[in-house]
Amino acid sequence: MNQVFQLGHKAFVTPAGFAVTPRNFRIGTFVSFRAMKPKRHLASSSKPASSFDNMEDEKVNRLVGSTPKDIGVESDEAGIQSVKDNPERIEVMTVQELRTILRSIGVPAKGSKRDLVSALKVYVEKKMEEEVSSISAEIVSVKRKANTKSILGERKAKKFSHEEHAQEIYSVPEVSALQESKRRAKKSPIGDETGEVDAKASVKTDKISVTLPTVQSEPWTMLAHKKPQKGWIAYNPRTMRPPPLAEGTKSVKLLSWNVNGLRALLKLEGFSVLQLAQRENFDVLCLQETKLQKQEKDVESIKQCLLDGYENSFWTCSASKLGYSGTAIISRIKPLSVTYGLGISDHDSEGRLVRAEFDSFFLLSCYVPNSGDGLRRLSYRITEWDPSLSSYVKELEKKKPVILTGDLNCAHQEIDIYNPAGNRRSAGFTDEERQSFGANFLSKGFVDTFRAQHPGVVGYTYWGYRHGGRKTNRGWRLDYFLVSESLADKFHDSSILPDVTGSDHSPIGLILKL
């Protein structure tokens with residue numbers, strides 16, 4: 001096997017300014033798999049719109065079959081507009097509602113509810129991509145016209161009408177791309193901010209200064225928040241990651257990533273874990289939501305092809321629901337011991353926790369249960385899971401410090417979510433979950449390392465596919481490194497790697513001085 005295990009896609013960006021602690025170790029092939037076409041759309045800020053369209057077309061064909069050529073006719077657009085305005089509705093729609101709307105837009109309406117939800121999400125996402133591409137093309141066109149007018153000295157229009165026209169066409173209010181598409185239909189071909197818009201370029205004449213949006217290749221550097229507070233800034237790993245530790249400083253580097261399906265990730269083209277290992281030089285990689293099945297020997301096939309130097313790997317899969325949840329720890333440091341689950345049968349059937357014991361700390365890779373559609377698991381989450389996990393880690397702390405990492409499925413504060421007001425009853429941001437997160441972990445001495453290092457920084461780790469959230473940097477911070485208070489002054493850097501694509505989550509990192 002001489003091809004490298006694929007863990008991302010072509011648009012992976014490698015910022016030159018990222019700090020990396022150099023270490024000498026041999027990296028070979030992590031996992032060897034034949035490259036396959038992508039099975040799902042991945043948001044990428046630097047991939048051309050035409051490539052996105054091709055990927056979307058392939059995905060739609062695979063998931064919902066052949067799509068009628070007239071799928072975008074005006075009558076269909078009117079029928080699905082309510083879903084586009086509020087994509088959260090898709091998850092709570094009944095099977096009959098899903099089938100009705102899919103048939104109305106010419107998409108096959110067969111299969112389980114999950115299949116129907118997936119098909120509708122794909123269609124909505126495709127339409128959003130088409131709108132964003134159209135908006136971007138119009139922005140470029142208007143910018144060229146404005147520059148041409150400036151060069152030719154066409155400045156004779158009356159000040160009042162000129163300013164009125166500029167205010168209508170070039171204003172950049174903070175509204176969603178979906179609202180933008182509605183305004184375009186009623187008003188002007190250009191307007192609100194989209195996922196590819198961030199920086200502003202000014203075109204000046206004698207009469208007026210016109211501000212035009214330009215394409216932003218690193219959307220995570222854009223402060224995107226519905227209700228930003230004074231002093232908040234966007235997380236920029238180029239400038240906010242500290243320089244490497246001094247040579248000879250003993251340290252360990254941990255990475256954590258919700259991969260949202262490892263088998264799907266393996267089939268993506270372009271970026272390999274070899275590149276990630278060389279750039280970030282991690283000692284331990286924690287994974288969540290692997291969705292592997294022991295029955296299909298997924299784990300064994302991967303373990304046989306691990307990257308040289310990372311022979312130690314530990315996996316747990318869901319037994320109650322195949323192809324669901326799942327966590328792992330992959331390490332070049334051999335742990336002293338490994339344990340799976342909390343030791344409570346009611347919690348341990350979904351493969352949500354792997355614990356590895358090292359010389360100076362316990363490391364837990366954890367995937368906290370989502371409260372689900374209609375908050376059906378909210379009670380279980382806050383009255384059973386969170387208290388059980390809290391008691392478990394506090395008991396471990398009696399022996400040595402604990403590092404709890406993974407997708408903890410909670411945006412704790414308003415700074416941790418783009419639209420706090422609109423998500424008060426959304427899983428991951430309910431008052432109950434946030435209070436439970438604080439009471440069971442932070443109030444018991446655990447430190448949120450990213451927030452401790454970056455108190456006024458807006459940095460997200462999750463962007464929903466259906467909203468095109470990564471392109472607009474409208475996301476959630478759901479992934480954490482929580483550490484025992486005794487380790488709070490020993491971590492060197494708690495980071496987010498927003499340029500690493502391949503999942504709806506980005507990896508996060510922690511460098512700990514030993």
Members of LYS250/LYS399; LYS127/LYS471; LYS253/LYS513; LYS127/LYS291; LYS253/LYS334 lying beyond 19 Å, as alpha-carbon distances in this model show | LYS250/LYS399; LYS127/LYS291
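Only loop residues by DSSP count here, and only those with at most 11 other Cβ atoms within 10 Å; note down the trypsin sites (Lys or Arg not before Pro) in the range 221-271 that meet that.
LYS230, LYS250
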Please calculate the 1.4 Å probe accessible area of THR461, with all protein chains present, and give it to the nearest 10 Å².
-> 0
Set the Förster distance to 60 Å, then compute FRET efficiency between TYR340 and SER104 from the Cβ-Cβ distance, nearest 0.05.
-> 0.80
Environment charge of LYS444, counting only residues whose C-beta is closer than 15 Å and scoring Lys/Arg +1, Asp/Glu -1 = -3
Inverting the mean 1/r over all pairs of different Cα atoms, compute the Kirkwood radius of the range 216-315 and quote it in Å.
-> 17.0
Positive-end extreme of charge dipole, the range 272-402 - chosen from LEU396, TYR310, SER325 (charges on Cβ) | LEU396
Theoretical FRET efficiency, 1/(1+(r/R0)^6), r = Cβ-Cβ of ASP308 and LYS513, R0 22 Å, to 0.05 | 0.25
Round to a whole number: what % of the accessible area of the range 357-397 belongs to carbon and sulfur, probe 1.4 Å?
-> 46
Cα gyration tensor of the range 410-502, axes a ≥ b ≥ c as square roots of the eigenvalues: rounded (a/c below 1.5), prolate (a/b > b/c) or oblate?
-> oblate
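The values are calculated or read from the model by the stated rules, or taken from the named source; none is laboratory data. For clarity, every value in this text was computed on a predicted model and none was experimentally measured. In this analysis, Cβ positions are derived from the backbone assuming ideal geometry, glycine residues included, and neighbour counts consider all displayed protein chains. Accessible surface areas use protein heavy atoms only, side chains included; no ligands, DNA or RNA. Shrake-Rupley method; radii C 1.70, N 1.55, O 1.52, S 1.80 Å.
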